[in-house]
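K.L.:
Attaching a single structure in structure tokens format; questions to follow.
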Amino acid sequence: YGAVGNDHPISTANRYHNSDMPQREFDADKAAFHYKKSGHSGKIPLSASDAAFAGAVDAAQLIANSAAEAGIEIEVVREPKDGYWSNVWNNDAKGWCACYWGGRPTEDWMFSAAYTNDTEWNDTAWKGTDGSK
């Protein structure tokens, strides 16, 4: 019913899927190094609701458990289903939150919907090129 996605936004059904990318493995020491280097301290809130996807709250707890192995404290904030997409998702005041991105029929549609400076759905807050390069 699925495949390991390797945090890749382009599915295996698309011709530009990077099937040569090695599978990333969890490395608590590397996570701890980068977290310390970031200068952040304290709890990191992670808003989640099953409105995002079935099992989102459980997934957030699994993320928190993995982060704890690196000394990173994540506070899972269970948000109500009602109003999740209007009040939580992509809300800078909430910060990090659970969401689900279904695949798009073309690579261009995926990148232009989620990974350009001017799209309102850029919930990664990725800033880079104008997306045309």
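K.L.:
Return only the number of the condition from (1) in contact with a helix residue (DSSP H, G or I) (Cβ under 9 Å, 6 or more places away or on another chain); (2) more than 17 Å from Y100 (Cβ to Cβ); (3) open to solvent by 50 Å² or more (accessible area, probe 1.4 Å) that I72 does not satisfy.
P.N.:
(3)
K.L.:
I've got another one for you. What number of residues within segment 75-102 satisfy the criterion of being open to solvent by 60 Å² or more (accessible area, probe 1.4 Å) and of a type in the set (A, V, I, L, M, F, W, C)?
P.N.:
So the answer is 4.
K.L.:
Determine, yes or no, whether S11 is closer than 27 Å to R104 by Cα, in contact with a Pro (Cβ under 7 Å, 6 or more places away or on another chain), touching a residue at least 24 places away in the same chain (Cβ under 8 Å) and surrounded by 12 or more Cβ atoms within 10 Å (Cβ to Cβ).
P.N.:
Values: closer than 27 Å to R104 by Cα: yes; in contact with a Pro (Cβ under 7 Å, 6 or more places away or on another chain): no; touching a residue at least 24 places away in the same chain (Cβ under 8 Å): yes; surrounded by 12 or more Cβ atoms within 10 Å (Cβ to Cβ): yes.
No; evaluated as a whole, the condition is false for this residue.
K.L.:
Which is under 24 Å from W126 (Cα atoms) and over 14 Å from the mean Cα position of the chain (by Cα), of A70, A51, A59?
P.N.:
Details: A70 fails: under 24 Å from W126 (Cα atoms); A59 fails: over 14 Å from the mean Cα position of the chain (by Cα).
Sole residue among the options that is under 24 Å from W126 (Cα atoms) and over 14 Å from the mean Cα position of the chain (by Cα): A51.
Listed here are the residues, each with its yes/no results for (1) modelled with pLDDT under 95; (2) at negative phi.
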residue	(1), (2)
L62	no, yes
G71	no, no
V76	no, yes
W101	yes, yes
P105	yes, yes
T116	yes, yes
D123	yes, yes
W126	yes, yes
K133	yes, yes
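K.L.:
Now, a different point. Counting residues that are touching a strand residue (DSSP E or B) at 6+ places or on another chain (Cβ under 6 Å) and farther than 30 Å from R15 by Cα, which helices (runs of 4 or more DSSP H) fully inside segment 42-133 reach at least 2?
P.N.:
Numbers: elements: 56-68, 84-87, 107-114.
Answer list for segment 42-133: 56-68.
K.L.:
Output yes when any residue across segment 34-53 is of a type outside the set (K, R) and open to solvent by 100 Å² or more (accessible area, probe 1.4 Å), and no when none is. Steps first, please.
P.N.:
Of the residues in segment 34-53, the ones of a type outside the set (K, R) are 34-35, 38-42, 44-53.
Pick out the ones that are also open to solvent by 100 Å² or more (accessible area, probe 1.4 Å) and you get none.
There is no residue in segment 34-53 that is of a type outside the set (K, R) and open to solvent by 100 Å² or more (accessible area, probe 1.4 Å).
K.L.:
May I pose another question? Please verify whether S19 is open to solvent by 50 Å² or more (accessible area, probe 1.4 Å), more than 18 Å from the chain's Cα centre (by Cα), under 30 Å from S86 (Cα atoms) and not acidic (D, E), treating the condition exactly as stated.
P.N.:
On the way: open to solvent by 50 Å² or more (accessible area, probe 1.4 Å): yes; more than 18 Å from the chain's Cα centre (by Cα): yes; under 30 Å from S86 (Cα atoms): no; not acidic (D, E): yes.
Taking the combined requirement at face value, the residue does not satisfy it.
The values are calculated or read from the model by the stated rules, or taken from the named source; none is laboratory data. Just so it is clear, the model here is predicted, and its values are computed rather than measured. A quick note on method: Cβ atoms are made from the backbone with ideal geometry, for glycine too, and the neighbour counts reach across all protein chains shown. For accessibility, only protein heavy atoms count, side chains too; no ligands or nucleic acids. Shrake-Rupley method; radii C 1.70, N 1.55, O 1.52, S 1.80 Å.
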